[in-house]
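> One structure, pasted below without further comment.
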Amino acid sequence: MTPELADFLARTNPWLQDPARLARLARHNLPPKWIPRLATEDLDQVLEDPRKAHLLVGPRQAGKSSLTWAMLTRRSEPLLYVPCDNALIEEWSRNPHLAALDIAALVPVGGRVFLEEAQALTEAGRFIKGLIDARIARPLVATGSASFHLLSRTRESLAGRATRHHLWPLSLAEVAAPIQAEPPALFHQRRRRAIEGMMLFGGYPEAWTAPEPQPVLSELVDAFVLRDASDRFRVGHPGAFRRLLGLAAGQIGQVVNHSEWGRVLGISSTTVSDYLTILEETHILRRPRPYVGGKRAELTRAPKVFFVDNGLRNQLRGGFTELERRADVGPLHENLVFSELVKRFTRPGSIRCWRTSNGAEVDFVLEPEPERLIGIEVKASTEARPRLPRGCRSFISAYAPEQFWMVTRGPAWEDTLGQTRLRGVPLELLPEALDAL
């Protein structure tokens with residue numbers, strides 16, 4: 001270890017000389033308005049395993065570092081904190097074996113290692129793999145806003161050496177947690193207000209807690225497009241990349257046509273696909289594929305596009321006009337429901353869509369577990385009992401799902417159609433409905 005690196009780590013880890021200071025100093029890394037995250041309890045148990053690295057990935061500014069620090073403030077074990085966006089750490093990471101020896105000298109067995117923003121390292125996967133293979137015997141947590149192979153020259157595999165966990169922007173369940181169930185009228189009023197906030201400004205923690213969320217969302221877009229896309233991902237056409245983001249934001253819930261988008265943007269369909277892959281890898285949007293009852297056939301069909309966060313979408317397209325004056329209320333509702341689903345169900349293929357050549361369609365097909373099928377249709381309607389569309393009936397007839405939900409702004413209701421349980425799910429009660437699955 002060079003003297004410069006030793007001095008840097010000593011300054012960033014003052015508790016190494018005085019372990020009693022760890023909890024107090026760690027609290028300084030929490031935001032002023034900390035909203036507890038539902039992932040904490042599960043992660044607390046997983047992070048006990050020193051045999052694997054534990055990767056916490058998700059969008060930029062979703063709260064990954066804050067969550068990690070919040071968990072660390074409840075512990076008394078020694079900690080080595082390593083901010084990876086530093087030239088000294090980049091140089092150190094090139095020799096994982098020597099780095100493992102340094103870690104052993106700095107942190108006693110039973111301590112923890114926290115690699116913050118690990119994707120900033122040129123070979124993050126190789127470095128983490130090397131530390132695990134060296135058996136450092138200290139639980140290792142690494143946060144990152146992109147898949148760790150995305151920027152790597154070697155795309156080193158961490159298979160068998162890491163657990164992977166997603167942290168998304170705040171969910172409706174998290175922002176609504178302080179809202180109590182009584183009295184019922186006040187509960188529903190406050191829930192609706194929370195939903196309207198999520199619909200317009202999304203769930204990025206800083207935007208959600210800021211008096212003025214628009215500047216926060218504007219900075220997020222600029223940080224991703226100008227810094228990440230242009231510098232980190234070496235996007236060849238940054239102007240087209242930004243226009244692609246705007247195009248996708250204007251077509252949430254619509255089918256992606258790479259060739260058509262390429263003609264509009266003046267780039268090839270292959271480049272469109274590559275840019276959309278970057279946007280997926282960095283957790284900005286998702287492209288759920290159609291459910292057609294067979295995986296091979298599914299891959300031949302065009303996906304739809306949704307944003308992980310409504311606020312980021314509105315910053316790119318649509319603005320923040322109140323819902324009553326918007327023409328895109330339907331797509332905003334559909335995108336919000338998708339974002340709630342994607343925060344809960346991360347297994348590949350668990351969220352899909354359905355449509356036929358004659359125009360019948362269902363917004364989402366959810367498989368919370370293999371062989372469990374739930375159809376979901378989203379309507380911005382406030383009707384007490386909206387009509388079940390023809391496409392939904394066709395889907396139920398073809399696949400006999402366990403349940404079929406209509407998520408609306410109206411009241412709850414229940415019925416049956418054949419063997420399928422029909423449910424009207426008020427959007428304000430969607431967290432409870434998902435909890436019950």
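The values are calculated or read from the model by the stated rules, or taken from the named source; none is laboratory data. Nothing here was measured: the structure is a model prediction, and the numbers come from that model. Heads up, the Cβs are rebuilt from the backbone with ideal geometry, glycines too, and the neighbour counts pull from every protein chain shown.
> So for region 367-389 (the condition being in contact with a helix residue (DSSP H, G or I) (Cβ under 9 Å, 6 or more places away or on another chain) and exposed (fewer than 15 other Cβ atoms within 10 Å of the Cβ)), does at least one residue qualify?
Here is the first cut: in region 367-389, the ones in contact with a helix residue (DSSP H, G or I) (Cβ under 9 Å, 6 or more places away or on another chain) are 368, 373, 375-380, 388.
Filter again for exposed (fewer than 15 other Cβ atoms within 10 Å of the Cβ), leaving none.
No, region 367-389 contains no residue that is in contact with a helix residue (DSSP H, G or I) (Cβ under 9 Å, 6 or more places away or on another chain) and exposed (fewer than 15 other Cβ atoms within 10 Å of the Cβ).
> If you check Val365, Val407, Val342, Val378, which single one turns out to be of a type outside the set (S, T, N, Q) and under 30 Å from Ala223 (Cα atoms)? Write out each step before concluding.
On the way: Val365 fails: under 30 Å from Ala223 (Cα atoms); Val407 fails: under 30 Å from Ala223 (Cα atoms); Val378 fails: under 30 Å from Ala223 (Cα atoms).
Step by step, each of Val365, Val407, Val342, Val378 is checked, and only Val342 is of a type outside the set (S, T, N, Q) and under 30 Å from Ala223 (Cα atoms).
Okay, residues lined up against (1) among the aromatic types (Phe, Trp, Tyr); (2) surrounded by fewer than 18 Cβ atoms within 10 Å (Cβ to Cβ); (3) under 22 Å from Phe241 (Cα atoms):
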site: Gln251; (1), (2), (3): no, yes, yes
site: Leu279; (1), (2), (3): no, no, yes
site: Pro288; (1), (2), (3): no, no, yes
site: Arg313; (1), (2), (3): no, no, yes
site: Arg317; (1), (2), (3): no, yes, yes
site: Arg325; (1), (2), (3): no, yes, no
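> Applying the selection to region 70-107, what residues are of a type outside the set (A, V, I, L, M) and at pLDDT below 90?
Here is the first cut: in region 70-107, the residues of a type outside the set (A, V, I, L, M) are 73-78, 81, 83-86, 90-97, 102.
Those that are of a type outside the set (A, V, I, L, M) and at pLDDT below 90: Thr73, Arg74, Arg75, Ser76, Glu77, Pro78.
> If I filter region 142-162 for residues that are within 25 Å of the chain's Cα centre (by Cα) and modelled with pLDDT of 90 or more, do I get at least one hit?
There is at least one residue in region 142-162 that is within 25 Å of the chain's Cα centre (by Cα) and modelled with pLDDT of 90 or more.
> Still on this model: Could you grab me the full set of residues in region 407-426 that are touching a residue at least 24 places away in the same chain (Cβ under 8 Å) and either basic (Lys, Arg) or not in a loop (DSSP other than H, G, I, E, B) (or both)? Give the derivation first.
Restricting attention to region 407-426, the residues satisfying the condition of being touching a residue at least 24 places away in the same chain (Cβ under 8 Å) are 407-411, 413, 417, 420, 422, 424.
Matches in region 407-426: Val407, Thr408, Arg409, Trp413, Leu417, Thr420, Leu422, Gly424.
> Also, I was wondering about something else. Condition first: of a type outside the set (Asp, Glu) and in contact (Cβ under 8 Å) with a residue 60 or more places away in the chain. Can you find one or more residues in region 376-385 that meet it?
Step one: list which residues in region 376-385 are of a type outside the set (Asp, Glu), which gives 376, 378-382, 384-385.
Of the ones still in play, those that are also in contact (Cβ under 8 Å) with a residue 60 or more places away in the chain are none.
Checking region 376-385: not a single residue is of a type outside the set (Asp, Glu) and in contact (Cβ under 8 Å) with a residue 60 or more places away in the chain.
> Return the only residue of Arg263, Arg243 being without any contact (Cβ under 8 Å) to a residue 60 or more places away in the chain and either surrounded by fewer than 16 Cβ atoms within 10 Å (Cβ to Cβ) or outside the structural domain of Leu220 (by TED's automatic domain parsing) (or both). Talk me through it step by step, then tell me what you get.
Details: Arg243 fails: either surrounded by fewer than 16 Cβ atoms within 10 Å (Cβ to Cβ) or outside the structural domain of Leu220 (by TED's automatic domain parsing) (or both).
Just a single option satisfies the conditions, and that option is Arg263.
> Which is not in a helix (DSSP H, G or I) and not aromatic (Phe, Trp, Tyr), of Leu429, Leu437?
Details: Leu429 fails: not in a helix (DSSP H, G or I).
So the residue among Leu429, Leu437 that is not in a helix (DSSP H, G or I) and not aromatic (Phe, Trp, Tyr) is Leu437.
Let's see how each residue does on (1) in contact with a His (Cβ under 6 Å, 6 or more places away or on another chain); (2) buried (at least 17 other Cβ atoms within 10 Å of the Cβ); (3) among the hydrophobic types (A, V, I, L, M, F, W, C):
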| residue | (1), (2), (3) |
| --- | --- |
| Gly391 | no, yes, no |
| Ser397 | no, no, no |
| Trp405 | no, yes, yes |
| Pro411 | no, no, no |
| Thr416 | no, no, no |
| Gln419 | no, no, no |
| Pro426 | no, yes, no |
| Glu432 | no, no, no |
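> Which one is nearest to Ile252 (Cα to Cα) among residues in region 357-366 that are of a type outside the set (D, E, K, R) and surrounded by 13 or more Cβ atoms within 10 Å (Cβ to Cβ)? Show your work before the answer.
Taking region 357-366 first, the residues of a type outside the set (D, E, K, R) are 357-360, 362, 364-366.
Still in the list and also surrounded by 13 or more Cβ atoms within 10 Å (Cβ to Cβ): 360, 362, 364-366.
Numbers: Ala360: 18, Val362: 15, Phe364: 13, Val365: 17, Leu366: 18 Å.
Across region 357-366, the extreme among qualifying residues is Phe364.
> Could you check region 18-35 and list, in sequence order, the residues that are more than 14 Å from Tyr81 (Cβ to Cβ) and over 22 Å from the mean Cα position of the chain (by Cα)?
Across region 18-35, the qualifying residues are Asp18, Ala20, Arg24, Pro32.
> Out of the residues in region 76-103 that are farther than 16 Å from Pro14 by Cα and within 26 Å of the chain's Cα centre (by Cα), which is surrounded by the most Cβ atoms within 10 Å (Cβ to Cβ)?
Cys84
> One residue is enough: does region 348-362 have a residue meeting the conditions part of a loop (DSSP other than H, G, I, E, B) and in contact with a helix residue (DSSP H, G or I) (Cβ under 6 Å, 6 or more places away or on another chain)?
Checking region 348-362: at least one residue is part of a loop (DSSP other than H, G, I, E, B) and in contact with a helix residue (DSSP H, G or I) (Cβ under 6 Å, 6 or more places away or on another chain).
> Conditions: (1) closer than 26 Å to Met199 by Cβ; (2) in contact with a Ser or Thr (Cβ under 9 Å, 6 or more places away or on another chain). Ala384 meets all but one. Number of the miss?
(2)
> While we're here: Restricted to region 14-46, and to residues that are farther than 30 Å from Arg344 by Cα and touching a Pro at 6+ places or on another chain (Cβ under 9 Å), which residue is surrounded by the fewest Cβ atoms within 10 Å (Cβ to Cβ)?
Step by step, filter region 14-46, then rank; the result is Arg21.
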